[in-house]
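Chemist: Here it is: the structure, laid out below.
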Amino acid sequence: MRQRIPQDLIESVLEATDIVELIGQHVHLKRAGGSYRGLCPFHQENSPSFFVHPSKRIFKCFGCGVGGNVISFLMKISQRGFIPVIQELGEKAGIAVLEEQNQGLYFRLLRLHELAQRFFLSSFESNKVAQEYAHSRGLDKKALLHFGIGFAPDGWDGLSQFLLKHEPDCPSEVLEQSGLVSMRRQGGFVDRFRNRLMFPIRDSRSRVVAFGGRILPGSDKEAKYLNSPETPLFEKGKTLYNWDTVLALPSEARGRAILVVEGYLDVISMWQQGFCEVVAPLGTGFTPAQVKLLEDLYQEVQLVFDGDLAGSTATLRAVERMLNSNMIVRAVRLPEGLDPQDYLNRQGPVEFKALLSHASNALRFYCEEVLKEHDLEERQDKERAWRRLVTFFQGLNRTLVQGGELVNEPELVSWLTRLFSVDEKILRSKLFSLATGSSDSSTVDFALAASRPIAPQTEKGLRLLWWAHHSDACMQILVQYLNELNFSEPVLKEYLEAISTIPKPKAVQVLAECGSELGSWLSAEMMKDSGEADGSAPEAHEYFRAIREYCIEDLKIQISLLLRELEQEGHSEEKISELQRLRKAKLQQRNQWIVRKN
């Protein structure tokens, strides 16, 4: 007799199997945008034409035409039949596909969750308090319907009785395994969820596999949120809230970035405002499996954190997990006391999009979150902050920080060197080199490192500003070309801002109010030049020549950074086009300066 495996169980095996990981055991795969490619194992070829699409869970060779899913790949590569292959994959995924008893358990649990969802929806429709609370949280009818929001009444066994009424022959142990009810010692069942607004949690095929419940105001229950326990249907570390909605979007409707927020209501409030590509973890922080779901479908993730959790362990853990992915990771902290729903209600979706457009690079965001908890003016606290960042960078994927200068985040390097008053070379060798496998010590003598040398290009910029500070003629020329000068270094910005005030301050006044880096440089110059002498400034044509040399060198540095980024793999066609456009524009600017005369 032929063994028949239900299609639902086959789909569950496919969902639980990482197609990239399995095929990667037989083919050397290299990321190519949202796909992976390699040399086809089924025919001889020199150029890779074999592609794996993780979001679609399929493979295809455009050379020989073979394609299919992970089951057909394993059947072909191992020359085995369907039954032994799916049985092997099922065992690895913890799904017993050929044991009738376990098949019955799997589908019975799905049935119990389907019944529970019916019960919660019916209870919500008949309970004014639950409806008023949902309304007070800004949930409209469309959202209530889309997300299937329900209500668990405040009785002991309302759901238990409902389940037994519709599944009278369901064994007690199966009911308990569902996570919806618990067995009493004296017999019978007690509901897990009582007096809570209910949020169904769905799998990738939109089947209810678990629930999250939020207490209503006035409840004496301690836990604000309560989730289903893990069951044969549900592993919270492998599921994301609203992931089924994201997957249901047509591929042409998806953007390149996914938003990650902290809770159910954050997701729903953003969905109501038109942000459909948004998910939340299920009370676990982020796990590698959840990160894998996102990176199989998206190139960028934007983390949105509430305004009252700065520096929290959960925040930092989420950033750590995401940074070791293949995605571009950005993060934004909302103003203090606000969550996404509050912010959207006050500012609207247009302002929220503007906020997202200025989201920080996650490396910078992580460092900022750590430093908020430390006083860098206090030496011991400064050392604690340093050690924490060292630990963080030690755990990073080395591809994030490798390159000709060990780290591909020049602005982050500049910012950290200024905050810790450490020479850039020292910081790179002591901090960033840890992520690239260097054995260099992580300790730094901050007192010694404070007297750090200025980078050559920064030194040239400071010299231009010093001359403009002490010569009205130079200041007029500086103002004329200011829009073309790149004074992005914090120390240059600080000096420019200081000398742009009216009346123009003397050097000793700037020295009294400036930071330590600019102060050290100014002190040295004042010792050399007696502080206020006009005679040290060059003639107009010499000053222009200095500006010209500064701009040419600065553009050369910018072009080099763009070229290095272009050489990195994994960029989308859109990103490559943008980088090439920027590099071309910078080359034109440099050529214009080369031929420009005063």
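The values are calculated or read from the model by the stated rules, or taken from the named source; none is laboratory data. Note that the structure is a prediction, hence the values are computed from the model and not measured. Every residue, glycine among them, receives a Cβ derived from its backbone with ideal geometry; neighbour counts consider all protein chains shown. To get the accessible areas, we keep the full protein, side chains included, count just its heavy atoms, and leave off ligands, DNA and RNA. Shrake-Rupley method; radii C 1.70, N 1.55, O 1.52, S 1.80 Å.
Chemist: Do we find a residue being basic (Lys, Arg) and at pLDDT below 90 anywhere in segment 164-175? Break it down stepwise before answering.
Modeler: In the first step, residues of segment 164-175 are kept if they are basic (Lys, Arg); the result is 165.
Cutting the leftovers down to at pLDDT below 90 gives us none.
No, that holds for no residue.
Chemist: Within segment 132-180, can you find the residues that are of a type in the set (Phe, Trp, Tyr), over 30 Å from the mean Cα position of the chain (by Cα) and closer than 23 Å to Thr231 by Cα?
Modeler: Across segment 132-180, the qualifying residues are Phe151, Trp156, Phe162.
Chemist: While we're looking at this one, here's another question. Considering only residues that are part of a loop (DSSP other than H, G, I, E, B) and open to solvent by 10 Å² or more (accessible area, probe 1.4 Å), which ones fall in segment 287-306?
Modeler: Of all residues in segment 287-306, those part of a loop (DSSP other than H, G, I, E, B) come to 287, 296-299, 306.
Correct list: Thr287, Asp296, Leu297, Gln299, Asp306.
Chemist: A further question follows. Given the options Val422, Val407, Val444, name the one that is open to solvent by less than 10 Å² (accessible area, probe 1.4 Å), among the aliphatic types (A, V, I, L, M), outside any helix (DSSP H, G or I) and at pLDDT below 70. Show your work before the answer.
Modeler: Numbers: Val422 fails: at pLDDT below 70; Val444 fails: open to solvent by less than 10 Å² (accessible area, probe 1.4 Å).
Only one candidate qualifies: Val407.
Chemist: Since Cys64 meets every condition but one in (1) out of contact with any His (no Cβ under 7 Å at 6 or more places or on another chain); (2) more than 21 Å from Ile86 (Cβ to Cβ); (3) open to solvent by 50 Å² or more (accessible area, probe 1.4 Å), which condition does it not meet?
Modeler: Failing condition for Cys64: (1).
Chemist: Going by the structure shown, is Phe51 among the aromatic types (Phe, Trp, Tyr), open to solvent by 30 Å² or more (accessible area, probe 1.4 Å) and not in a helix (DSSP H, G or I)?
Modeler: Working: among the aromatic types (Phe, Trp, Tyr): yes; open to solvent by 30 Å² or more (accessible area, probe 1.4 Å): yes; not in a helix (DSSP H, G or I): yes.
Spelling it out, Phe51 is indeed among the aromatic types (Phe, Trp, Tyr), open to solvent by 30 Å² or more (accessible area, probe 1.4 Å) and not in a helix (DSSP H, G or I).
Chemist: Give the residue that is most open to solvent (accessible area, probe 1.4 Å), with candidates limited to residues of segment 193-206 that are out of contact with any Pro (no Cβ under 8 Å at 6 or more places or on another chain) and at pLDDT 90 or above. Steps first, please.
Modeler: Taking segment 193-206 first, the residues out of contact with any Pro (no Cβ under 8 Å at 6 or more places or on another chain) are 193, 196-206.
Then keep just the ones that are at pLDDT 90 or above; that gives 193, 196-202.
On the way: Phe193: 5, Arg196: 9, Leu197: 1, Met198: 1, Phe199: 0, Pro200: 3, Ile201: 0, Arg202: 51 Å².
The qualifying residue most open to solvent (accessible area, probe 1.4 Å) is Arg202.
Chemist: May I ask you to list the residues in segment 232-245 that are among the β-branched types (Val, Ile, Thr) and surrounded by fewer than 20 Cβ atoms within 10 Å (Cβ to Cβ)?
Modeler: The initial filter retains those residues of segment 232-245 that are among the β-branched types (Val, Ile, Thr), namely 239, 245.
The one that is among the β-branched types (Val, Ile, Thr) and surrounded by fewer than 20 Cβ atoms within 10 Å (Cβ to Cβ): Thr245.
Chemist: Shifting gears a bit: Can you tell which of Gly274, Gly283, Gly337, Gly348 is open to solvent by 30 Å² or more (accessible area, probe 1.4 Å), on the phi > 0 side of the Ramachandran plot and at pLDDT 80 or above? Even if it seems obvious, please write down each step before you answer.
Modeler: Details: Gly283 fails: at pLDDT 80 or above; Gly337 fails: at pLDDT 80 or above; Gly348 fails: open to solvent by 30 Å² or more (accessible area, probe 1.4 Å).
On inspection, the qualifying residue turns out to be Gly274.
Chemist: When Val267 is evaluated against the numbered criteria (1) in a loop (DSSP other than H, G, I, E, B); (2) farther than 20 Å from Arg57 by Cα, which criterion, by number, is the only one it fails?
Modeler: Of everything listed in (1) in a loop (DSSP other than H, G, I, E, B); (2) farther than 20 Å from Arg57 by Cα, Val267 misses just condition (1).
Chemist: Further question on the same structure: Tally time: how many residues in segment 1-28 are open to solvent by less than 30 Å² (accessible area, probe 1.4 Å) and modelled with pLDDT of 85 or more?
Modeler: Selection size over segment 1-28: 8.
Chemist: Yes or no: segment 250-259 includes at least one residue that is free of Cβ contacts under 8 Å to residues at least 40 places away in the same chain, open to solvent by less than 20 Å² (accessible area, probe 1.4 Å) and in contact with a helix residue (DSSP H, G or I) (Cβ under 6 Å, 6 or more places away or on another chain).
Modeler: no
Chemist: Considering only residues that are touching a residue at least 40 places away in the same chain (Cβ under 8 Å) and over 11 Å from Ile23 (Cα atoms), which ones fall in segment 58-79? Step through it out loud before you land on a result.
Modeler: So in segment 58-79, the residues touching a residue at least 40 places away in the same chain (Cβ under 8 Å) come out as 59, 69-71, 73-74, 77.
Listed by number, the list is empty, since nothing qualifies.
Chemist: Quick one: which of Ser536, Ser530 is at pLDDT below 70, surrounded by 14 or more Cβ atoms within 10 Å (Cβ to Cβ) and either touching a His at 6+ places or on another chain (Cβ under 7 Å) or over 15 Å from Pro456 (Cα atoms) (or both)? Full working, then the answer.
Modeler: Working: Ser530 fails: surrounded by 14 or more Cβ atoms within 10 Å (Cβ to Cβ).
Selected residue: Ser536, the only one of Ser536, Ser530 that is at pLDDT below 70, surrounded by 14 or more Cβ atoms within 10 Å (Cβ to Cβ) and either touching a His at 6+ places or on another chain (Cβ under 7 Å) or over 15 Å from Pro456 (Cα atoms) (or both).
Chemist: Is it true that Leu579 is at pLDDT 75 or above, touching a helix residue (DSSP H, G or I) at 6+ places or on another chain (Cβ under 8 Å), over 22 Å from Thr458 (Cα atoms) and open to solvent by less than 60 Å² (accessible area, probe 1.4 Å)?
Modeler: Numbers: at pLDDT 75 or above: yes; touching a helix residue (DSSP H, G or I) at 6+ places or on another chain (Cβ under 8 Å): yes; over 22 Å from Thr458 (Cα atoms): yes; open to solvent by less than 60 Å² (accessible area, probe 1.4 Å): yes.
Here the answer is yes, as Leu579 does meet what is asked.
Chemist: Sort through Arg194, Arg205, Arg185, Arg214 and tell me the only one that's closer than 26 Å to Asn242 by Cα and over 31 Å from the mean Cα position of the chain (by Cα). Spell out how you get there, then give the answer.
Modeler: Numbers: Arg205 fails: over 31 Å from the mean Cα position of the chain (by Cα); Arg185 fails: closer than 26 Å to Asn242 by Cα; Arg214 fails: over 31 Å from the mean Cα position of the chain (by Cα).
Testing whether each residue is closer than 26 Å to Asn242 by Cα and over 31 Å from the mean Cα position of the chain (by Cα) leaves just Arg194.
Chemist: Can you work out which of the residues in segment 80-93 that are open to solvent by less than 70 Å² (accessible area, probe 1.4 Å) and in contact (Cβ under 8 Å) with a residue 12 or more places away in the chain is farthest from Glu21 (Cα to Cα)?
Modeler: Ile83
Chemist: Now for a separate question. For residues in segment 33-48 being open to solvent by less than 60 Å² (accessible area, probe 1.4 Å), without any contact (Cβ under 8 Å) to a residue 60 or more places away in the chain and of a type in the set (Gly, Ala, Ser), which is nearest to Ser204 (Cα to Cα)?
Modeler: Looking at the filtered set, the residue picked out is Ser35.
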